[in-house]
Amino acid sequence: RIAVDQTVFAPFASGAFVVGMGLLEGLRSSDLVERIRVQYPRVLMVGYLVWPAAQLINFSIVPLMYRVQFGSVVGLFWNTYLSWSSAQMKRDQQRKACASNTACI
């Protein structure tokens with residue numbers, strides 16, 4: 001079950017997040033392609049480190065009555081990471097744009 005989740009759902013969900021955030025931020029297509037090229041592999045790799053370990057712990061150690069709460073806590077930290085990752089990419093792209101533009105604020 002974990003293997004199917006990581007091979008089928010994780011690549012789709014990670015890509016949807018990166019593309020969705022780029023679209024919501026109003027990125028130009030060239031900037032969106034750059035964001036996908038840089039951020040998508042990072043998010044996917046970190047997800048491959050976090051989620052299998054979390055699920056292994058959840059199904060093997062955490063008592064049944066606490067599994068939902070454990071998953072929610074891991075999800076909270078995962079969403080925090082995704083937000084931070086997106087903010088870092090946005091900041092890096094703004095710095096890159098400012099370096100090529102003398103009228104940057």
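Our coupling estimate for region 32-38, obtained by passing each phi through the Karplus curve with A = 6.51, B = -1.76, C = 1.60 and θ = phi - 60°, is 5, 4, 5, 5, 4, 4, 8 Hz, Gly and Pro reported as x. Computed over protein heavy atoms with a 1.4 angstrom probe, the accessible surface ordering of M45, M89, largest first, is M45, M89. Note on R1 and V19: the extension gain reaches 3.9 nm, defined as 0.36 nm multiplied by sequence separation minus the Cα-Cα distance. Ordered from largest to smallest accessible area (heavy atoms of protein chains, 1.4 Å probe), the residues V38, V43 come out as V38, V43. Taking trypsin sites (Lys or Arg not before Pro) in DSSP loop states with no more than 12 other Cβ atoms inside 10 Å as exposed sites, the chain has its longest site-free stretch at 29-105. Taking the protein heavy atoms of the chain in the context of the full set of protein chains, the accessible area attributed to carbon and sulfur is 69 percent at 1.4 Å.
Computed about its Cα centre, the charge dipole of the chain is approximately 140 debye, with only Lys, Arg, Asp and Glu carrying charge at their Cβ.
Test of understanding: express the Cα radius of gyration of the chain as a ratio to 2.2 N^0.38 Å, with N the residue count.
Working: Rg = 16.9 Å, N = 105, 2.2 N^0.38 = 12.9 Å.
Ratio of Rg to 2.2 N^0.38 Å for the chain: 1.31.
The heavy atoms of Y48 present about 80 square angstrom of accessible area, all protein chains included, probe 1.4 Å. Per residue, the accessible area of the chain comes to 70 Å² when a 1.4 Å probe rolls over the protein heavy atoms.
Consider a paramagnetic label point 7 Å from the Cα of Q88 along Cα→Cβ; state which residues of region 22-48 have an amide N under 19 Å from it. Backbone N within reach: 22, 32-48.
The values are calculated or read from the model by the stated rules, or taken from the named source; none is laboratory data. This is a predicted model, so every value here is computed, not measured. When we count neighbours, we look across all protein chains shown, and the Cβ atoms used for this are built from the backbone with ideal geometry, even at glycine. What goes into the accessible areas is simple: the full protein's heavy atoms, side chains included, and nothing from ligands, DNA or RNA. Shrake-Rupley method; radii C 1.70, N 1.55, O 1.52, S 1.80 Å.
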